[in-house]
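Colleague: If you scroll down you'll find the structure; I have some questions about it.
The values are calculated or read from the model by the stated rules, or taken from the named source; none is laboratory data. Small disclaimer: the values here were computed from a predicted structure and weren't measured. Glycine gets a Cβ as well: all are built from the backbone with ideal geometry, and neighbour counts include every protein chain shown.
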């Protein structure tokens, strides 16, 4: 069953769909025997193109609005853990590391969608979420050309 998401948080939820696709693409590439540097290059491109900005916007929107909230602490810790794994990946494209990144991204998104966002919606309400809309939506311009090497196909 699909989760009903408030209109204010839908931009993040759409980006979460892209993040789940990232995890799927990593797993698909690994299962297909794609060279690890090809997969790693894509993952790092995606981090620079979308994921890092997504993390920073979530942090900027929610930490000031709900300081000290335990769910936000978990969100922050998982953001930092994923970012740390990506820093290692930039140095060493490793199969186990790619598998771990796929699992962490997938599980993190599931946590946010199933636990954190419903709590945020209840805690903040419509008016406070409306006030955060500029931070949630982020920049509108195209982030550049897409990724040409679709190794997951």
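Colleague: Only one of 137, 115 is at pLDDT 95 or above, exposed (fewer than 15 other Cβ atoms within 10 Å of the Cβ), more than 16 Å from residue 43 (Cα to Cα) and more than 13 Å from the chain's Cα centre (by Cα); which?
Modeller: Matching residue, one of 137, 115: 115.
Colleague: Continuing with the same structure: So which helices (runs of 4 or more DSSP H) are wholly in the range 54-142 and hold at least 1 residues that are within 30 Å of residue 32 (Cα to Cα) and touching a helix residue (DSSP H, G or I) at 6+ places or on another chain (Cβ under 6 Å)? Spell out the reasoning first.
Modeller: Values: elements: 70-91, 95-111, 117-131, 133-137.
Per the criteria, 70-91, 95-111.
To keep it simple, each residue is scored yes or no on (1) within 14 Å of the chain's Cα centre (by Cα); (2) surrounded by fewer than 14 Cβ atoms within 10 Å (Cβ to Cβ).
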{"residue": "12", "(1), (2)": "yes, no"}
{"residue": "16", "(1), (2)": "yes, no"}
{"residue": "56", "(1), (2)": "yes, yes"}
{"residue": "73", "(1), (2)": "no, yes"}
{"residue": "87", "(1), (2)": "no, yes"}
{"residue": "108", "(1), (2)": "yes, no"}
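Colleague: If you don't mind, there's one more thing I want to ask. So residue 4 passes all but one of these: (1) under 15 Å from residue 113 (Cβ atoms); (2) modelled with pLDDT of 95 or more. Which condition number does it fail?
Modeller: (2)
Colleague: Would you check if residue 146 is loosely packed, with under 13 Cβ neighbours inside 10 Å and either touching a helix residue (DSSP H, G or I) at 6+ places or on another chain (Cβ under 7 Å) or under 30 Å from residue 41 (Cα atoms) (or both)?
Modeller: In short, yes.
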